[in-house]
Amino acid sequence: MQRQKRIALINDITGFGRCSIAVMAPIVSAMKIQAVSIPTAILSTHTQFPIYYFDDYTSRMKDYIQTYKDLDLEFDAIATGFLGSKEQVDIVIDFIERFKQKNTFVLIDPVMGDHGKLYATYTPEMCLKMKELVQYADIMTPNLTELVTLVDKPYPTKLPSFEELKEMCEELSMKGPKHIVVTGIPFNEKQILNFIYNKDEDYQIVMVDRIGKDRCGTGDVIASVIAGSYLNGFDFYESVKKATQFASKCITYCEKTYVPHYFGLCFEEYLYELGEGLK
Ligand code: PXL
């Protein structure tokens, strides 16, 4: 029998608020994949709460990762999310260079901003650094803000056409990723567009219902279901479809039960479904 698949999650660990590793590890585990956490920071709640405790883990990451090097661990996938500093990007690059093998895929969620605005930590220097990381990605999951930033375009004042989205993805893809999904584009009052680009193929679209306000951690749920599905052998389109539909279901539950939007997605309710039918 083959050993279980294994994914390295380089991301923060946040206690309350359902984001990053706290979301990604249980999701990939439900998909029968071993999750290996590599913390970039430890927070009590995520940064959308009015208060939070934040422990930057940068200075300890090298020693932490060294044991994996010494043990000669192997990973089938590497997924990265929010990175807080230039040094962290360098640590991630070093990790990928050491652990990426022929069949290892790298998913980079370039958590940089939303709604046309970059997060406060995203200095021009950090943007440049994120562009350096792009070349290591096989899969990227930017939102529209992150996509335009990575290809040096202004945030559009109206919905870009599919052709424009394709051109921007093409440009990003030339720097590295074979598969890109531009997530969460508000298409109209009722629908959210997810734009899928696969290198040298026609684009594809996955629409989902627009339900309530944007919720923190949605990107982490989507990235982890994509990573898990892709690792389990589904193609990119199927993986994105599963991920966006799963997130949509969780959001519907949150709306029905009046869960505040900054509490994240109640993915626990449907977690078991992710393992159904998997061998
Ligand atoms: O993916 C969202 C996220 C992850 N990690 C931290 C955050 C957020 C969103 O605000 O604050 C620490």
- From the set of residues in the stretch 251-269 that are open to solvent by less than 80 Å² (accessible area, probe 1.4 Å) and over 15 Å from D220 (Cβ atoms), which is farthest from the chain's Cα centre (by Cα)? T257
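Residue under question is V182, and the condition is that it be at pLDDT 95 or above and more than 16 Å from the chain's Cα centre (by Cα); does it hold?
Details: at pLDDT 95 or above: yes; more than 16 Å from the chain's Cα centre (by Cα): no.
Here the answer is no, as V182 does not meet what is asked.
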- Query: Pick from the stretch 168-195 the residues that are part of a strand (DSSP E or B), touching a Lys or Arg at 6+ places or on another chain (Cβ under 9 Å) and aliphatic (A, V, I, L, M): which of them is farthest from G217 (Cα to Cα)?
  - Reply: I180
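Just to check your reading of the model, which residue among M168, M140 is touching a helix residue (DSSP H, G or I) at 6+ places or on another chain (Cβ under 9 Å), without any contact (Cβ under 8 Å) to a residue 40 or more places away in the chain and at negative phi?
Just a single option satisfies the conditions, and that option is M168.
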- Matching residues in the stretch 193-236 - criterion: being away from the ligand (no atom under 16 Å from the Cβ) and of a type in the set (S, T, N, Q): N194, N198, Q204, S229, N232
- Within the set of pairs 6+ apart or on separate chains, which have a first residue in the stretch 251-279 that is of a type in the set (F, W, Y), a second that is at pLDDT below 95 and open to solvent by 50 Å² or more (accessible area, probe 1.4 Å), and C-beta atoms under 6 Å apart? Y262/Q48
- Which residues, taken from the stretch 156-207, are within 17 Å of F236 (Cα to Cα) and basic (K, R)? K166, K178, K199
- Message: Tell me which strands (runs of 3 or more DSSP E) are completely within the stretch 1-85 and hold 1 or more residues being within 16 Å of the ligand (Cβ to nearest atom) and crowded, with 18+ Cβ neighbours inside 10 Å, or say none if there are none.
- Response: 6-16, 34-45, 77-80
- Task: State the number of residues belonging to the stretch 107-140 that are away from the ligand (no atom under 16 Å from the Cβ) and aromatic (F, W, Y).
- Result: 1
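The values are calculated or read from the model by the stated rules, or taken from the named source; none is laboratory data. Every value quoted in this text rests on a predicted model; they were computed, and no experiment measured them. With ideal geometry, Cβ positions are generated from the backbone for all residues, glycine too; neighbour counts draw on all protein chains shown. Only protein heavy atoms, including side chains, enter the accessible area calculation; ligands, DNA and RNA are left aside. Shrake-Rupley method; radii C 1.70, N 1.55, O 1.52, S 1.80 Å.
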